[in-house]
Every structure is written in C-alpha cells, then in structure tokens.
1. Identify which of 41, 59, 30 has the largest mean-square fluctuation in a Gaussian network model of the chain, with springs joining Cα atoms closer than 10 Å.
2. Pairing the Cα long axis of helix 39-72 with the longest principal axis of the chain, what angle in degrees results, from 0 to 90 and rounded to the nearest 10?
3. Averaging sequence separations of C-alpha pairs under 8 Å and six or more residues apart, then dividing by the length of the chain, give the relative contact order as a whole percent.
4. For the chain, what does -39500 (n - 2.57) per DSSP helix run (n ≥ 4), summed and divided by total residues, give at 222 nm, in deg cm²/dmol to the nearest 500?
5. Hey, what angle do you get for helix 8-33 against the long axis of the chain, alpha-carbon based, 0 to 90 degrees rounded to 10?
6. Would you calculate the separation in nanometres between label points at residue 27 and residue 45, each defined as 7 Å from the Cα along the Cα-to-beta-carbon direction?
7. Kindly state, to the nearest 0.05, the FRET efficiency for residue 53 paired with residue 7, given R0 = 30 Å and r defined as their beta-carbon distance.
8. Work out how much length residue 15 to residue 69 would gain on full extension: take 0.36 nm times their residue separation and subtract the Cα-Cα distance, in nm to one decimal.
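Readers should treat all values here as calculations from the given coordinates under stated rules, not as data from a laboratory. Values in this document were obtained by computation on a predicted structure and should not be read as measured data. Counting neighbours? That spans all protein chains shown, and the Cβs are built from the backbone with ideal geometry, glycine included.
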C-alpha cells in the first residue's frame, strides 16, 4: 500500500503514534498491574484512550519541535 507524498505527515504521525502508544501503554500497564490475567484487555483499554491523544499531539507538535530542534543544533 502506497500513499501520495502529500500524506507523508499523516502517515508518519499515524505510525509514530501507534509505535509509541503501544510500547508506553504496555510498559505502564505492566508496572501498575503486573503480569496478571487480563493484561491484554487492560493494555487495550489504555491504548484506546491514549492513541487519539498521542496522534493529535504528534500531528500538532512534531513540526514545531522539529523547528525548535533545528534551531538548537549548531550549524557548522
């Protein structure tokens, strides 16, 4: 499946948010509840809440953070 280059930012945001939220919600769920029965359901509930938030934050914040990091890097 390939997308037009005009969708680069949305595809990146989608993939980054899935990647980050999957790992972070799993780690936090494990820390808070341990490796107990029902872990996957608890993780899925956390994921469903966190993913839309992360998607919007990355969509809005990534370009500004990229600009800030570019300003912080010394150009030689």
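1. Of 41, 59, 30, the Gaussian network model singles out 41 as fluctuating most.
2. 20 degrees
3. In percent, rounded to a whole number, it is 38.
4. Counting only the DSSP helices, I get -28500 deg cm²/dmol.
5. Result, in degrees: 30.
6. Computed distance between label sites residue 27 and residue 45 equals 2.3 nm.
7. With R0 = 30 Å, the Cβ-Cβ based efficiency is 0.90.
8. 17.3 nm
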